[in-house]
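Every read-out reported here was derived from the displayed coordinates using simple, explicitly stated rules and does not represent laboratory data. Because the structure is predicted, anything quoted here is derived from the model rather than measured. Ideal geometry is used to build each Cβ from the backbone, glycine not excepted, and the neighbour counts take in all protein chains shown.
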Amino acid sequence: MNIHNLMEEVVTHRINSLYNQVKEVNASWLTCDCENCRADAISYILNRVAPRYVVSGRGVTHAHEILENPQIKADIDALGLEAIRIISSTKRPFHSSSRAECVVEVPENPVFNFPIIQGCILEGNTFEPLADATVKLSLDGKEVPMADVTWANPINTYNSTKGTYSFWPKALQVEKPDQTRKFNFSIEVTHPGYDPVNYSFDTNLVSENKIRKELDTTLTLKIMDLVMFREDIKNTMDRMIKE
Ligand SMILES: [Zn+2]
């Protein structure tokens, strides 16, 4: 069985086209468009959009169809420009123009490796995915740093990604492996016109010998769907309950 995520070719195609457009207008903020930077920009988007899996070989027409949906194309382009700007303004420690020299230096210290934290924001009236919500992940009241620049905290939700968001917190250095610790995370969701939502959860982790560099989607922590209500609807409901 050969499973393939169609979004990879869709996003690669759009990112290359966006880089070309940005270069054509000589945008002063563009510092580099090498293969490393392009790969970072592609990962940035793929970490934020819902995957579309197909069996290999059947994908060619489907990939094309995805971009015919103007909403999906607009969302990918918006994320793409955001990705290009952020990557262009961030010097990665391993950045080099040669792909072969692209090596990530990681200290071999014991760490707590965090799972990918994933959830979905829904609209309280329709139970449809809610776009343009801002989701922030905190640990003990502090904004959590992400594993690398291709992840964001806070992050926004999009229509085409079905209101989903995901975080990959940066590994936390610790004295020794095999230590158990309970982490108290909280998620804060805001959206103009909606009542903010707060949700807290705990996770127990055991420290490991070294940082996990590869993304392992089997280690995903799914958060319950969070529902947002319009301020006016909630006020009306409160009044109805009281009367
Ligand atoms: Zn570059």
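What does the extension gain come out to for Asn184 and Leu81, with contour length at 0.36 nm per residue minus their alpha carbon separation?
Values: separation 103, 0.36 × 103 = 37.08 nm, distance 3.36 nm.
Taking 0.36 nm per residue and subtracting the Cα distance, the gain is 33.7 nm.
In region 110-174, which chymotrypsin sites (Phe, Trp or Tyr not before Pro) fall in coil by DSSP and have 15 or fewer other Cβ atoms within 10 Å?
Numbers: sites: Phe112, Phe127, Trp151, Tyr158, Tyr165, Phe167; in loops: Phe127, Trp151, Tyr158.
Those that pass, being in a loop and sparsely packed, are Phe127.
Under 17 Å from the Cα of Lys176, which lysines turn up, not counting those fewer than eight places away in the same chain?
Hits, sequence-local ones excluded: Lys210.
Can you tell me which lysines have their Cα less than 30 Å from the Cα of Lys162? Leave out same-chain residues fewer than eight positions away.
Lys73, Lys136, Lys142, Lys170, Lys213, Lys222, Lys234
Rounded to the nearest 0.05, what FRET efficiency do Val206 and Tyr53 give with R0 = 45 Å and r taken as the Cβ-Cβ distance? Could you check?
0.90
Consider a paramagnetic label point 7 Å from the Cα of Asn198 along Cα→Cβ; state which residues of region 134-148 have an amide N under 18 Å from it.
Correct set: 134-144.
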